[in-house]
Structures are given as structure tokens and as C-alpha cells.
Amino acid sequence: MKNRGTFLLSAGLGIVAFSCLPGLCTFAAEAGEAIPDTPFYETFWSLLPPVIAIALALITKEAYSSLFVGIVAGGLLYSNFNFEGTLLHVFSDGIVSVISDPYNVGILVFLVVLGIMVMLMNRAGGSAAFGRWASGHIRTRIGAQLATIALGIMIFIDDYFNCLTVGSVMRPVTDKSRVSRAKLAYLIDATAAPVCIIAPVSSWAAAVASYVDEGNGLRLFIQAIPFNFYAILTIVTMLYLAFANYDFGPMRKYEDIARDTGDVFAGKKDEQGAGLEEVNPKGKVADLVFPILVLIVACVIGMIYSGGFFDGESFINSFSNADASVGLMLGSAVTLVITMIYYLARRVLTFREITGCIPDGFKSMVPAILILVFAWSLKAMTDSLGAKQFVETVVQNSAGSFRSFLPAIVFLIACFLAFATGTSWGTFGILIPITLGVFPLTDPLGVVCVSACMAGAVCGDHCSPISDTTIMASAGAQCEHVTHVSTQLPYAILAAAVSAVSYVFAGFVPKAYIALPFAIVLMVMTLTAIRKFDPDKPEAAGSRK
């Protein structure tokens, strides 16, 4: 497998060079320049680096080197294959730049603190105590899945926080109920970004609102919620599959193995976070619940603090103006201190044990942090090649001719762009200003298009193997990343297809009270048809245990 992966990665590098042959002719003439002008700027070639990274990740099942190959491809295109220019662009303008960005640093600090928090809760016995408590209240696979969905919906403040917290809390419950880690990762991922994007009090709402002028961002966000078909239909799909106790595609194999044998990993245990579950006999459910509640409250306070709430701004305005990176970083840091004091006061952990959790928690987050840094660097390469401007031109050129179909077009473009770059927030920044430039805020179709942009961004982010939330969901469930991506993809694509049809309908009938019921009924009918005509559908007997 290693030899095959090495061969494919080498082939990928060859494809990069071969695909970019038009630029080789300029190499000799411009080799003396550090970073010469590139003919690939604002062309479809600007999307080649993420396409290469995604293709290699899916083929080789190895994320780190695949992402790095994509980054190098972006550096080669940007510098016209100038060696010095490529080296400087990849490291100085790429990796070093994203690591030193204050916003990214705040997110990394937040992740490290969450990793330490998870380690502390495990060492204190909170997770094990919750598992013991849940075993007496949650007795079925359906109950375990519904409890995971409910918890994911309740933690709507931020998708990173959602992924790691829900994973830490629900792993003992779903393991006992024989729910596969692949299914747990899907439930975590599907209640992260899709829930945050329809929650007015969330870091996502703040991000979207920041792209709208004249203080109308939050109002537009709320108006767009009923048209956010992908997010709503993803929740509908989760509930349908849980109540029907039905799965299709690659997910079925993992669920069958977990149900029949109790092997929730299906022989593919992810070593990330392995050995972190230490049972502490002193642990109680409160040792898990209290830190999580404090974290929620502290993060909300941190968000509104960063938005100027304590300087006289209203709650809504402060949340709209919040800096998610600063708010989450401060909130998690305060929570960490309070949690340490709480465990010391409860005498469930000694000071030495608490300090020992700090490096262990950091180490547990290293794989996710490494992929995040590479994913951010890949986005930097794509931005430097003018991908935003290229997409903007494509959208603006098609706006006039396909007015009623524009919501569906925006949705599909957002899906592709978010999938290729692995970022939904970056997609918001590209497409929402363009959409608002085409349609005024008073146009009902403009609200539908803004919602289509948000839904498509979440959809592409949900499907992308280089997405930060996809990575966090894998980490939260301690599931092999490629397994999570491959098992989730059929569900996400199905919801995306129904959403696209629904946006065509909404383009002609931009009424939420008509379009939303249409989308939900179409989703339920589609799932029912798949289940009814599934030739490999397992017998219902015994499947609900």
C-alpha cells in the first residue's frame, strides 16, 4: 500500500507538471524573477491545486501529502515554475502566512484548549460516568442516534465546538448501542455546519452578516433561513434514517458490522486519540456536564465581548459584529481555568494529573491542526491565483440570462467552490457580495440566492475531504478520516440533489411557506423510494435492537 501510494503521489506531481505545460514556455525567460506574473491568474487553472489535492486524497487515502502536493501545484502555477518563487510562495506566502494570521491562531488555540478539555473530562471520569448514566436511559440504537442529533442541535454556537464536544460526549453512548464510528462521525458532521448556518446566534451568522452593508446582515440571515434547503434537508435525512433504522451505500456495511459484532470501527480503528479513555471511579456525570455548560456560556460571553457588548452595543449587534476567533479563544481559555479549579475542588484529579493533560490534549489535536494548516495554505494558493475573481466573472456573466434558475446555479457553484477549497466561509465571502450586487435586498429572489449561496457552501464543505469541519468530525468521533468521507458522501449528495431541484422550484415560486414544504416532502419521498426499491435492504426483524 505504501508503494502504491508513493507511486500515485509521484504520478500526481507528474500530472501537475504535464497539465501546466502552457506555462513552461515562460519559465526560461522569467527564471530570474522571484515571483513573475502568471498567465494562470483568474482562469480555470486557479482551481487546479485543490482539485489535485482532493483527487490524490481520495485515491491514496493519505491527506497530508495530498494537500502538500496541491499547495506545491499552486506555488508552481503562481511563480511560472520558478524554483525560488515557488519556494517563497509555498512557505512565506502560504504556510507561514496562515499560521501567523491572528484569526487562524485564535482558532488553533481554541482547538488546543478543546483538546485539553476533552482530555480533562476523560481523565476525570466524566465521559465514562455519562456513558454509565446513558446506558440506563438510552437502550436502543435509535435512541443513541437521536440523542446524538439532539445534542448536536443544542450546541449551535460554533461548528468546531460542536464536532469535538458532541464526539467526546456521545462516543461511549453510541459504542454501547453498537452504532458505528462512521455513523457517529456523519451525525456529528451533519449537526455541525448545517445547524450553525440556520442558527441566528452562532459564529456562522456573524460571518454571513459581516458581508452585508448598512447593518442589515442579521435580518437578511434570518430571512434566508427557510430557504436554506440543504441544511434543513440534512436534518430531515438524519431523522428519517434514525427512525427508520435504515442505511444505504458504504455506511450500511459499517452499521451492519457494528450491530452484529459490536466492532464500531469495522476493523479500521483510528489511532488518533487512542488510549485517552481512562476510567476514574470518582467521576460523575456533572464532571462532563458542568464544563460543557460553562464552555457554552463562556463562549457566548466571549463572542458578544468581541462584538462590543460591554461597550454599549446591543446583544444582537454585538453578536453580528463578533470576532469568532477571539470570542471562542477567550471563552475556552476561561472555561479551562474554571474546569481545572472545579476538578481540584472535587478532588477527582490532582494538580499533577491536570498539568499532565495539557501536553496530551495538545498532542491529540496535532493531526487535525496539521491538516487545517495545510488546508488553509491550499486556500491561500487558490486565492493568490485569482479563483475568487474567476468565479465572480462566471456568475455575473450568467446572471442576466437565467434569472429564475439563478438560485440553483448559485447553489451548484457554491457547492463546487466550497468542495474544491474546503471552506464555506471563504465561499460566503466570494458569492454573497456578488449575489447582493445582482439583486437588491428588497428582491425576494435575492434572499433565495443568498440562502442558496449559504446552503451550497455548507454542502461543498460537508462533502470535501479537506474541509476543517469534516476533519473535526472525524477527530470528534475518532473515526478514520477517509472512512468518514466515503460513508457520508452518498447522504450529502442525495440532500444536495434534492436541494438543487428545490432551488429551481424556489426560483419560480420564491415563497418560503410553499418552497420549504415542497423541499421537505420531496426529500421524504426520495428517501422512501430509495428504501422501498433497495434490492439489498436488510430485513427489519432484529434490526432495531
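Readers should treat all values here as calculations from the given coordinates under stated rules, not as data from a laboratory. Small disclaimer: the values here were computed from a predicted structure and weren't measured. Heads up, the Cβs are rebuilt from the backbone with ideal geometry, glycines too, and the neighbour counts pull from every protein chain shown.
Greater than 24 Å separation of Cα atoms is the criterion. Which listed pairs, Lys511/Lys532; Lys253/Lys532; Lys176/Lys284; Lys176/Lys253, meet it? Show your work: numbers first, answer last.
On the way: Lys511/Lys532 31 Å; Lys253/Lys532 19 Å; Lys176/Lys284 18 Å; Lys176/Lys253 18 Å.
Checking Cα-Cα distances, Lys511/Lys532 exceed 24 Å.
Over what distance in Å are the Cα centres of the range 491-521 and the range 68-94 separated?
If we compute the Cα centre of each part, the gap is 41 Å.
How do 411-424, 336-349, 449-462, 370-383 rank on mean C-beta neighbours within 10 Å, highest first?
Details: 411-424: 26.8, 336-349: 17.1, 449-462: 31.6, 370-383: 23.4.
So the peptides 411-424, 336-349, 449-462, 370-383, ranked by packing, come out 449-462, 411-424, 370-383, 336-349.
For the range 435-485 and the range 328-381, write down the distance between their C-alpha centroids in whole Å.
Answer, in whole Å: 26.
Calculate the length of the line joining the C-alpha centroid of the range 219-253 to that of the range 279-322, in whole Å.
Centre-to-centre distance over Cα atoms comes out at 27 Å.
Sort 258-264, 165-171 by the packing proxy (mean of other Cβ within 10 Å over each peptide's residues), most packed first. Please list the in-between numbers first.
Values: 258-264: 16.9, 165-171: 27.0.
Result, highest mean Cβ count within 10 Å first: 165-171, 258-264.
Using label points projected 7 Å from each Cα along Cα→Cβ, tell me how many nm separate Phe243 and Thr393, to one decimal.
Label at Phe243, label at Thr393, 4.9 nm between them.
Order of 139-149, 475-485, 107-117 by packing, highest average Cβ count within 10 Å first?
Working: 139-149: 19.8, 475-485: 26.1, 107-117: 23.3.
By packing density, highest mean first, the sequence is 475-485, 107-117, 139-149.
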